[in-house]
Amino acid sequence: MRYITPLKAAQGLGSAHSGTSHHWAMTVSACALVLLTPAFLLVIGKAIGLPREALMMYFGRPYPGIITALFVIVGMVHFIKGTRIMIDDYFNHTARKVAIIVSVIFGWAVIAAAIFALAKMAFTTIAI
């Protein structure tokens with residue numbers, strides 16, 4: 001006996017009406033991270049040991065800057081969604097709300113700091 005109505009089966013929605021979309025968002029971001037992680041590691045590997053001026057010029061170039069930005073953005077959005085699930089499972093009431101707010105603020109702060117740093121390196125390279 002099925003406990004799902006034909007309408008819910010057609011829409012692909014569970015009882016919370018958001019589980020399927022959240023699952024797909026996590027799957028897509030995980031697949032993106034599978035591709036971005038090796039590229040990011042190569043970018044960082046080439047940057048290790050460079051002097052400050054060369055490092056600024058290196059991350060001012062499009063490929064290293066874009067790969068780093070994409071890795072940070074996709075990784076932190078994946079982090080925010082993943083921590084939301086863990087927080088929902090292990091926290092209750094006010095602690096849940098506070099933990100969700102803290103994790104979202106932390107995630108977006110990391111994204112903002114990384115994008116600011118990359119933009120500053122890119123514009124410093126232009127000024128040189």
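The values are calculated or read from the model by the stated rules, or taken from the named source; none is laboratory data. Here the structure is a predicted model, which is why all the values come from computation and not from measurement. Cβ atoms come from the backbone with ideal geometry, glycine included; neighbour counts cover every protein chain shown.
Table: residues versus (1) touching a residue at least 60 places away in the same chain (Cβ under 8 Å); (2) touching a helix residue (DSSP H, G or I) at 6+ places or on another chain (Cβ under 6 Å); (3) of a type in the set (Gly, Ala, Ser).
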| site | (1), (2), (3) |
| --- | --- |
| Pro38 | no, no, no |
| Pro62 | no, no, no |
| Gly65 | no, yes, yes |
| Ala69 | no, yes, yes |
| His78 | no, yes, no |
| Asp89 | no, no, no |
| Ala95 | no, no, yes |
| Val104 | no, yes, no |
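Of all the residues in region 74-96, those that are loosely packed, with under 12 Cβ neighbours inside 10 Å and more than 24 Å from Trp24 (Cβ to Cβ) number 4. Just to be sure I understand, how many residues within region 97-128 are farther than 25 Å from Ala25 by Cβ and not basic (Lys, Arg)? Total meeting the criteria: 11. Taking the conditions (1) modelled with pLDDT of 95 or more; (2) within 22 Å of Leu41 (Cα to Cα); (3) of a type in the set (Phe, Trp, Tyr) in turn, Tyr58 satisfies each one other than (1). Among the residues making up region 43-65, a single one is assigned to a helix (DSSP H, G or I), exposed (fewer than 13 other Cβ atoms within 10 Å of the Cβ) and hydrophobic (A, V, I, L, M, F, W, C): Ala54. Of the residues Thr68, Thr94, Thr27, which single one is more than 16 Å from the chain's Cα centre (by Cα) and part of a helix (DSSP H, G or I)? From the options Thr68, Thr94, Thr27, the qualifying one is Thr94.
Please tell me if Ile73 is in contact (Cβ under 8 Å) with a residue 12 or more places away in the chain and over 13 Å from the mean Cα position of the chain (by Cα). No.
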